[in-house]
Ligand code: A3P
């Protein structure tokens, strides 16, 4: 088994999973994690050319952890002076633009050809006071300038329990496979891949642990957020998130309901029913905006995983996270 270390040329990869395996295209192993061919060049570009600034805010996650939700929340928080969120405001960008377009992914730079935030030769953006960017890249593979402590650039990591992440991933993969006319993957096949660590930006556990450990060692740098906590108590979580981002809510804002307004603006039901998120496409012609908003629940895995699968995943998770202080 080999890995792609120095080249973005997928043909040089020894270790891959083809179209008949996991995804709609080939998945390669790069620096210990698995990635679809389309993202490789962008990740290399990010690693080599991105120079972090003090004001940069990076949103990181495993795919299907609720990234789009975090993008919406963070965008609404940091831009709330420019774009107030109170109910009578009909001009908030989130009402007409997908969170994926407001907060671009560095990993999929090729789908944002005109995005100045992704032009790493520019030191500041004309669009906003800070660069708000998203990535699925694991912590150890982030650009040196983000990790070396030379700037105050901050990272928010959103994690979700492995069961729901897997189910969401499996649904999404099959939606895309279907759009590309590739045969759907049986849940048993996808589950084996996931448990073996072969998933988009997986292994899942390594990804989560990388950011978890950094959040413990460097809590001012990495803020560790859980999807389940956000669902259960969105307002206190949002308040903490805003403080971490350096955009804490004032007492006055809080008393006027600013936190609640953002929670409501970014709620699953609200975002999902907006025209922009019901229609239109993102990333490529083969991903519809509506495919991003499926159920948005905690515990949907109970409808799909057999007791044997649950036991295997629980055991694996316990083994992998043992001694880390992290549990699901
Ligand atoms: P489900 O497939 O379980 O419904 P990502 O953005 O990382 O791809 O994650 C997508 C998952 O987050 C999907 O999970 C999606 O429904 C859920 N999601 C999207 N927006 C959400 C929101 N505003 N609140 C809660 N969950 C949301």
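Would the range 150-169 turn up any residue that is part of a helix (DSSP H, G or I), more than 15 Å from the ligand (Cβ to nearest atom) and surrounded by 14 or more Cβ atoms within 10 Å (Cβ to Cβ)?
no
For the range 38-50, does any single residue satisfy the condition of being within 16 Å of the ligand (Cβ to nearest atom) and crowded, with 20+ Cβ neighbours inside 10 Å? Yes - at least one qualifying residue is present in the range 38-50. Of all residues in the range 238-268, none satisfies the criterion of being farther than 14 Å from residue 73 by Cα and within 20 Å of the chain's Cα centre (by Cα).
Scan the range 283-312 for residues that are more than 13 Å from the ligand (Cβ to nearest atom) and loosely packed, with under 15 Cβ neighbours inside 10 Å and the total you get is 7.
Residues in the range 264-282 that are surrounded by fewer than 19 Cβ atoms within 10 Å (Cβ to Cβ) and either on the phi > 0 side of the Ramachandran plot or in a helix (DSSP H, G or I) (or both): 264, 268, 269, 270, 272, 275, 276, 278, 280. Collect the residues in the range 199-220 that are crowded, with 18+ Cβ neighbours inside 10 Å and in a loop (DSSP other than H, G, I, E, B), keeping them in residue-number order. Within the range 199-220, 199, 200, 201, 202, 203 qualify.
Considering (1) within 14 Å of the chain's Cα centre (by Cα); (2) without any contact (Cβ under 8 Å) to a residue 24 or more places away in the chain, the lone condition that residue 226 does not fulfil carries the number (2).
Looking across 318, 235, one residue alone is within 16 Å of the ligand (Cβ to nearest atom) and either under 18 Å from the mean Cα position of the chain (by Cα) or assigned to a helix (DSSP H, G or I) (or both). It is 235.
Here, each number is a calculation from the coordinates, and none is a lab measurement. This one's a predicted model, so the numbers in the text were calculated from it and none came from an experiment. Using ideal geometry, Cβ is built from the backbone for each residue, glycine included, and neighbour counts are taken over all protein chains shown.
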